[in-house]
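Enquirer: Before we start, here is the structure in question, set down as structure tokens.
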Amino acid sequence: MTKKKIVLAEDNSTLSLLLKFKLEKEGYQLFIAKDGKEAIELIEANEPQLILTDIMMPFISGLEVISHVRNKLNLEIPIVVFSAAGQEEMVLKAFNLGANDFMGKPFSPNELLIRVKRLLG
Amino acid sequence: MSYLQDVFEYFDQLPLLIQIVWSVGFVLFQIILVLIIYLKILRTYLRRNEETVEKFQSEYEHLLINYLYTDSDSESSEQKEIINRLKVCVNNKFKRDIVVSILLKLRNEISGEMVDAIQKLYIDSGLVKYALIKLKSKNWYIVAKGIRELTQFKIKEAHDEVVIHLDHPKPEVSKEAQLYLISLFHFEELEYLKNVKSQLSEWDQIQLLEVLQKFDNQELPDITPLLMSENESVVSFALKLTKIYNLYDMKDELMILLTHESKEIRVQVIEILNHLYIIDAKSVLKTNFKNSSEDEQIAFINMLNNTFEVEDEPFLLENLHHTNFDIKLSVLKILKIINIDKFKSLKQKLTQPEFNQMIEFVENN
């Protein structure tokens with residue numbers, strides 16, 4: 001059985017590694033991007049089934065990644081955004097652009113796994 | 001050699017101004033050359049440094065993740081090995097800073113049981129000792145960084161070492177010490193503020209309040225010592241607590257504070273009396289009204305806007321001709337509500353056109 005692909009866009013390398021470890025253990029294939037630009041390249045190259053993205057990232061923000069996926073690539077894959085305290089407006093914008101779910105930082109990796117499982121069926 | 005000699009001879013024959021221009025040009029050229037070489041060396045050093053940081057960062061990140069995901073309830077041999085490796089690494093300041101930054105980076109982004117594991121790793125790898133050494137530094141910013149680190153990793157055992165910095169001459173250090181106590185000991189250590197001599201800035205107070213409001217247990221201890229503190233900023237902070245936590249029990253202390261030497265405190269007290277709807281204070285405030293500052297008078301009139309009664313009519317009539325426009329307007333508005341006939345009669349009695357205009361405005365709004 002082929003593994004389901006997930007693109008994770010997160011500029012905190014330690015968090016990325018932690019989530020990669022956690023999700024790969026559960027049978028998913030993770031592609032890690034450290035900024036929005038890399039995320040778009042990985043999405044275009046790998047056609048993932050799920051995107052996990054932080055909102056604030058260098059070069060291209062998470063909002064731009066969502067907009068690119070929904071408006072340019074016309075993909076309907078689920079997108080989960082990570083937001084920090086005080087980014088409530090950004091989260092609303094992310095939902096308006098087509099995000100499916102959000103998690104406020106700090107979050108529990110176990111809770112994220114539950115959401116990923118739910119979204120990927 | 002002869003070519004150089006020709007150049008020098010040619011230079012000597014040149015007019016003085018041209019000689020100066022050439023000399024200045026030569027000196028500038030040398031300075032630029034030195035700067036270019038310096039920048040090149042600096043850039044190479046920074047790049048190498050960055051590469052080294054990345055290398056160690058990647059190594060320690062993997063160690064941390066392996067530590068966190070080792071399946072065992074009790075400490076496994078693999079975890080012990082990781083701790084031992086980190087213990088060796090943290091002896092070096094450069095590596096220690098990288099380890100701490102990685103632990104913090106992850107600690108700030110995740111919640112749940114992993115946070116406890118990160119904290120345990122911080123303690124087991126011997127980093128507490130180095131944070132405590134920072135507290136003894138002669139540089140204030142290192143002390144502040146040390147206290148912040150202890151706060152972020154919730155090291156309660158450092159209490160005694162941190163407390164001595166509460167009145168540090170640098171406000172940045174004392175603020176970190178205050179945040180340490182509040183973040184780790186919550187309301188238990190609130191009383192320490194009564195002895196603080198340094199001033200808490202508005203920003204410090206906001207930060208302390210923000211930390212306090214995050215706790216599940218919101219039961220506040222007796223804050224009377226803080227309200228009676230000699231430090232004006234501590235009194236102001238205690239008043240904010242009184243307002244946020246609706247401490248009606250502090251009524252007697254608030255009444256005493258109406259005679260506080262600071263005008264700002266007195267105004268704040270009136271605003272809180274208004275917020276808590278302590279109407280018993282009205283009689284005192286009315287008696288002192290004439291001798292109060294304009295800010296206090298405005299604060300009291302605002303209070304009266306919320307707490308007016310028919311009995312306030314004589315006081316209002318007494319202050320119809322107050323020099324302050326806002327007070328005059330508020331007096332008219334209240335009077336209109338409590339005795340409309342009296343209010344209407346004012347229009348006939350008073351002949352000043354400006355006053356009549358105000359009455360008309362209040363009448364129609």
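Values in this text are rule-based calculations from the coordinates and carry no lab data. Since this is a predicted model, take the numbers as computed values, not measurements. We place every Cβ from the backbone using ideal geometry, glycine too, and count neighbours over all the protein chains shown.
Enquirer: Rank these for me by crowding, B:321, B:168, going from fewest to most other beta carbons within 10 Å.
Expert: Fewest-to-most ranking of B:321, B:168: B:321, B:168.
Enquirer: In degrees from 0 to 90, rounded to the nearest 10, what is the angle of the helix B:2-13 Cα long axis to the longest principal axis of chain B?
Expert: With rounding to tens, the tilt is 40 degrees.
Enquirer: If you don't mind, another one. Counting other Cβ atoms within 10 Å, keep those with at most 16, restrict to DSSP loop, and tell me which chymotrypsin sites (Phe, Trp or Tyr not before Pro) in the stretch B:171-236 are left.
Expert: Those that pass, being in a loop and sparsely packed, are B:215.
Enquirer: Using only helices, what value at 222 nm comes out for the protein assembly as shown when you add -39,500 (n - 2.57) per DSSP H run of length 4 or more and divide by the total residues, to the nearest 500 deg cm²/dmol?
Expert: Calculated at 222 nm, the ellipticity per residue is -20000 deg cm²/dmol.
Enquirer: Okay, next question. Kindly provide the GluC sites (Glu not before Pro) of the stretch A:29-115 that DSSP labels as loop, not H, G, I, E or B, and whose Cβ sees at most 14 other Cβ atoms within 10 Å.
Expert: A:76
Enquirer: I would also like to ask the following. Lysines near residue B:136 by alpha-carbon distance under 29 Å, same-chain residues fewer than 8 away left out - which ones?
Expert: B:87, B:93, B:95, B:105, B:120, B:145, B:154, B:156, B:170, B:175, B:194, B:197
Enquirer: Starting from the Cα-Cα distance between residue B:7 and residue B:46, subtract it from 0.36 nm times their residue separation and give me the gain in nm to one decimal.
Expert: 9.9 nm
Enquirer: Still on this model: Residue by residue through A:103-110, how many Cβ atoms from other chains fall within 10 Å of the Cβ on average?
Expert: 5
Enquirer: Which of B:176, B:363 comes first, and how do the rest follow, when ranked by fewest Cβ neighbours within 10 Å?
Expert: B:363, B:176
Enquirer: Moving on. Between residue A:3 and residue A:73, what length comes free when the chain is fully extended (0.36 nm per residue of separation minus the Cα-Cα distance, one decimal in nm)?
Expert: 23.0 nm
Enquirer: What does the structure give for B:50-62 when I average, per residue, the other chain Cβ atoms found within 10 Å of the residue Cβ?
Expert: 1
Enquirer: Right, here's the next one. Taking a cut-off of 12 Å between Cα atoms, list the aspartates and glutamates near residue B:251, but don't count ones fewer than 8 places away on the same chain.
Expert: B:280
Enquirer: For chain A, modelled as a GNM with alpha-carbon contacts under 10 angstrom, which of A:109, A:78, A:48 fluctuates the most?
Expert: Checking each option, the largest mean-square fluctuation is seen for A:109.
Enquirer: Let me ask another. Translational diffusion coefficient of the stretch B:225-267 at 25 °C, 0.890 mPa s, Stokes-Einstein with Kirkwood Rh over Cα pairs, in µm²/s as a whole number.
Expert: Taking Rh from Cα pairs, D becomes 239 µm²/s.
Enquirer: Still on this structure, I have one more. Taking only Cα atoms of the stretch A:8-120, what ratio of Rg to Rh do you get with Rh as the Kirkwood inverse-distance radius?
Expert: We get a ratio of 0.92 for the stretch A:8-120.
Enquirer: Further question on the same structure: Taking N as the number of residues in chain B, what is its Cα Rg relative to 2.2 N^0.38 Å?
Expert: With N residues counted in chain B, Rg over 2.2 N^0.38 Å equals 1.65.
Enquirer: Still on this structure: Check which residues have an amide H placed less than 5 Å from residue A:83's amide H, if you skip close sequence neighbours.
Expert: Answer set, sorted by chain and number: A:103, A:104, A:105.
Enquirer: Can you spot the lysines whose alpha carbon is less than 16 Å from residue A:117's alpha carbon? Ignore those fewer than 8 places along the same chain.
Expert: A:3, A:4, A:5, A:20, A:22, A:25
Enquirer: Mind checking B:105-116 for the average number of partner chain beta-carbons within 10 Å of each residue's beta-carbon?
Expert: That works out to 6 on average.
Enquirer: Could you compute the net charge surrounding residue B:47? Neighbours are other residues with a C-beta less than 14 Å from the C-beta of residue B:47; K and R count +1, D and E count -1.
Expert: The answer is +1.
Enquirer: Angle check, please: helix B:202-212 long axis (alpha carbons) against the longest principal axis of chain B (alpha carbons), in degrees 0 to 90, nearest 10.
Expert: Rounded to the nearest ten degrees, it is 90.
Enquirer: While we're here: Just grab the label-to-label distance for residue B:218 and residue B:156, each label 7 Å out from Cα along the Cβ direction, in nm (one decimal).
Expert: Taking the two extended label points, one gets 2.3 nm.
Enquirer: Still on this structure, I have one more. So how do B:165, B:322, B:275 line up by other beta-carbon neighbours within 10 Å, fewest first?
Expert: The most exposed by this proxy come first: B:275, B:322, B:165.
Enquirer: Now, a different point. Could you work out how far apart the two model spin labels at residue B:310 and residue B:38 are, taking each label as a point 7 Å from the Cα in the direction of the beta carbon, and quote it in nm?
Expert: Placing both labels 7 Å beyond Cα along the Cβ direction yields 8.5 nm.
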